[in-house]
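Note sheet for the following structure.
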Amino acid sequence: METEAYIALGSNLGDRELNLLRAVSELGRLPGCRVTALSRFYETSPVGMPDDTPAFLNGALRLTTELEPHDLLAELQRIEQQVFGRSASARPVSRRMDLDLLLYGHLVLTEPELTVPHPRLTQRRFVLQPLAEIAPDLVEPLTGQTISSLLAGLQSEERVSPLE
């Protein structure tokens, strides 16, 4: 059975745009998956990181998938680690690729290894802005609000601007 999942992409090291494009390609090559929507890329200020941290490029995509949520998460982590050389860290660090499972259908799940919807989805402009571009009327299951209304009501000092 196919499910629509939404994934956030972020990179602030190396060729950030190429990193995002490569991640989109890797996701589209997963068995039983296809990318059905992709936002523009946005240059964003790093959140929760030191002031001298390089800016991120962020985007969002919709993935139609036959993978179960835990299997999809495992694939996201595999891509981060094997393709982009990411290692685990207890605190936010610069990275070539960050892939976050934002939403998986209408699933609400809270487990130690996976929380869906993503726990900070509604608090981050760098996630909501690109997500609203591809799915403005999508309803976030915990709040019952659309992505566009969550974005409109967000109080945030984050700098998020479309890549030129």
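The values are calculated or read from the model by the stated rules, or taken from the named source; none is laboratory data. As the structure is a computational prediction, the values presented were derived from the model and not from experiment. Quick reminder, even Gly has a Cβ in these numbers, built from the backbone with ideal geometry, and neighbours come from all protein chains shown.
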(request) Taking the options LEU99, LEU76, LEU72, name whichever one is under 14 Å from the mean Cα position of the chain (by Cα), under 20 Å from SER11 (Cα atoms) and in a strand (DSSP E or B). (result) LEU99
(request) Count, please, the residues in the stretch 105-118 that happen to be under 20 Å from GLU4 (Cβ atoms) and either modelled with pLDDT under 95 or not small (Gly, Ala, Ser) (or both). (result) 9
(request) Determine which member of the set THR44, THR53 is modelled with pLDDT under 95, within 15 Å of the chain's Cα centre (by Cα), closer than 14 Å to ARG159 by Cβ and surrounded by 15 or more Cβ atoms within 10 Å (Cβ to Cβ). (result) THR44
(message) Scan the stretch 90-102 and tell me whether some residue there is acidic (Asp, Glu), in contact with a Lys or Arg (Cβ under 9 Å, 6 or more places away or on another chain) and either buried (at least 21 other Cβ atoms within 10 Å of the Cβ) or without any contact (Cβ under 8 Å) to a residue 60 or more places away in the chain (or both).
(response) yes
(message) Need the failing condition index for ARG86 against (1) assigned to a loop (DSSP other than H, G, I, E, B); (2) touching a residue at least 40 places away in the same chain (Cβ under 8 Å), just the number.
(response) (2)
